[in-house]
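Trainee: Okay, handing you the structure first.
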Amino acid sequence: MDWYAWHDKYDVADSLMARRLRTVQSRTRAALDDAPAGPLKVISLCAGDGRDLLHVLSAHPRRHEVRVRLVELDARNTAAALETVRLAMLDQVEVVTGDASLIDQYRGMCPADLVLVCGVFGNIADSDIEHTIGACNQLCKTGGTVIWTRNRAAPDRVPMICDRFSEQGFELQWLSEPDAGFGVGVHRFTGTPRPLRTGTRLFEFVGYDVLRRRESAQSG
């Protein structure tokens with residue numbers, strides 16, 4: 001999968017991907033609006049070119065209060081993110097070209113006020129979805145927000161994702177409608193953050209195309 005070219009789908013007017021992006025941006029804006037006064041920390045896993053956050057932050061009144069770390073493996077995407085950062089003069093945004101599954105990438109930024117896990121759950125195995133959700137109590141501060149996405153193709157994993165967040169002390173704040181064609185969820189952490197377990201891996205990023213081929217082979 002070419003994860004740089006994949007972003008072209010966002011530019012197709014009123015496509016499912018464009019609507020999902022607008023939904024994530026809207027929820028990101030609301031999370032920044034509702035966050036407590038003072039400096040904020042935001043992390044984004046598998047951030048792509050960062051448009052779900054950076055296009056919101058560039059026009060947000062709290063832009064200079066928000067410290068951000070985006071982690072993305074594809075250097076073409078991080079180059080695009082850096083150009084957005086430069087043009088918008090976002091002086092507290094750090095763009096890291098690296099493996100977002102390594103929890104050490106977020107050292108010094110946790111617990112964060114906002115954690116974006118967008119474009120992840122549809123590209124990893126179910127066991128890794130559960131493992132990543134289980135680690136969100138290391139990434140997110142008390143009262144902080146996690147925004148996540150997942151496709152709703154069968155088998156629909158959105159209910160399972162919501163259940164797992166609930167088990168880890170996260171309250172559901174908002175969930176896209178089942179007929180939206182995509183899943184976007186917002187959860188708020190009500191528990192106590194745990195220390196970062198450095199040296200651990202959250203997931204193996206497989207890719208939805210590979211996952212679908214595996215499912216087809218198993219069902220056949």
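The values are calculated or read from the model by the stated rules, or taken from the named source; none is laboratory data. As the structure is a computational prediction, the values presented were derived from the model and not from experiment. Cβ atoms come from the backbone with ideal geometry, glycine included; neighbour counts cover every protein chain shown. Surface accessibility is based on the protein's heavy atoms, side chains included, excluding ligands, DNA and RNA. Shrake-Rupley method; radii C 1.70, N 1.55, O 1.52, S 1.80 Å.
Trainee: Kindly indicate the residue of the stretch 1-37 that is in a loop (DSSP other than H, G, I, E, B) and touching a helix residue (DSSP H, G or I) at 6+ places or on another chain (Cβ under 7 Å) and also least open to solvent (accessible area, probe 1.4 Å) among those meeting that condition.
Mentor: Filtering first and then ranking leaves 15.
Trainee: Filtering the stretch 129-163 down to residues that are part of a helix (DSSP H, G or I) and over 16 Å from the mean Cα position of the chain (by Cα), which residue is nearest to residue 111 (Cα to Cα)? Explain how you work it out, then say what you get.
Mentor: Filtering the stretch 129-163 for residues part of a helix (DSSP H, G or I) gives 129-139, 158-163.
Next cut, over 16 Å from the mean Cα position of the chain (by Cα) only: 159-160, 163.
Working: 159: 26, 160: 24, 163: 22 Å.
So, considering only residues that are part of a helix (DSSP H, G or I) and over 16 Å from the mean Cα position of the chain (by Cα), the one nearest to residue 111 (Cα to Cα) is 163.
Trainee: Working only within the stretch 47-63, note down all residues that are buried (at least 18 other Cβ atoms within 10 Å of the Cβ) and part of a loop (DSSP other than H, G, I, E, B).
Mentor: 47, 48, 49, 50
Trainee: Just to check your reading of the model, which residue among 103, 124, 129 is closer than 19 Å to residue 189 by Cβ, surrounded by 21 or more Cβ atoms within 10 Å (Cβ to Cβ) and of a type outside the set (Ser, Thr, Tyr)?
Mentor: Answer to the check: 129.
Trainee: Report whether or not residue 44 is open to solvent by less than 20 Å² (accessible area, probe 1.4 Å), at pLDDT 95 or above and either in contact with a strand residue (DSSP E or B) (Cβ under 8 Å, 6 or more places away or on another chain) or polar (S, T, N, Q) (or both).
Mentor: Details: open to solvent by less than 20 Å² (accessible area, probe 1.4 Å): yes; at pLDDT 95 or above: yes; either in contact with a strand residue (DSSP E or B) (Cβ under 8 Å, 6 or more places away or on another chain) or polar (S, T, N, Q) (or both): yes.
So residue 44 passes the test.
Trainee: Here is a check on your reading of the model: is residue 145 touching a residue at least 40 places away in the same chain (Cβ under 8 Å), touching a His at 6+ places or on another chain (Cβ under 9 Å), crowded, with 18+ Cβ neighbours inside 10 Å and within 21 Å of residue 72 (Cα to Cα)? Reasoning before the result, please.
Mentor: On the way: touching a residue at least 40 places away in the same chain (Cβ under 8 Å): yes; touching a His at 6+ places or on another chain (Cβ under 9 Å): yes; crowded, with 18+ Cβ neighbours inside 10 Å: yes; within 21 Å of residue 72 (Cα to Cα): yes.
It is true that residue 145 is touching a residue at least 40 places away in the same chain (Cβ under 8 Å), touching a His at 6+ places or on another chain (Cβ under 9 Å), crowded, with 18+ Cβ neighbours inside 10 Å and within 21 Å of residue 72 (Cα to Cα).
Trainee: Within the stretch 112-128, can you find the residues that are within 15 Å of the chain's Cα centre (by Cα) and either assigned to a loop (DSSP other than H, G, I, E, B) or farther than 14 Å from residue 155 by Cα (or both)?
Mentor: Residues satisfying the conditions are 112, 113, 114, 115, 116, 117, 118, 119, 120, 124, 128.
Trainee: How many of the residues making up the stretch 161-190 are of a type in the set (A, V, I, L, M, F, W, C) and over 19 Å from residue 45 (Cβ atoms)?
Mentor: Here the count works out to 4.
Trainee: Another question, then. Does residue 102 satisfy being under 25 Å from residue 22 (Cβ atoms), modelled with pLDDT of 95 or more and more than 13 Å from the chain's Cα centre (by Cα)? Lay out the reasoning, then the answer.
Mentor: Numbers: under 25 Å from residue 22 (Cβ atoms): no; modelled with pLDDT of 95 or more: yes; more than 13 Å from the chain's Cα centre (by Cα): yes.
So residue 102 does not fit the description; no.
Trainee: In the stretch 64-99, how many residues are modelled with pLDDT of 95 or more, open to solvent by 10 Å² or more (accessible area, probe 1.4 Å) and either β-branched (Val, Ile, Thr) or outside any loop (DSSP other than H, G, I, E, B) (or both)?
Mentor: Adding up the residues that qualify gives 20.
Trainee: Now a separate question. Which ones in the stretch 164-178 are part of a loop (DSSP other than H, G, I, E, B) and within 19 Å of residue 132 (Cβ to Cβ)?
Mentor: 168, 169, listed by residue number.
Trainee: Evaluate the following for residue 182: is it open to solvent by 10 Å² or more (accessible area, probe 1.4 Å) and in contact (Cβ under 8 Å) with a residue 24 or more places away in the chain?
Mentor: So residue 182 passes the test.
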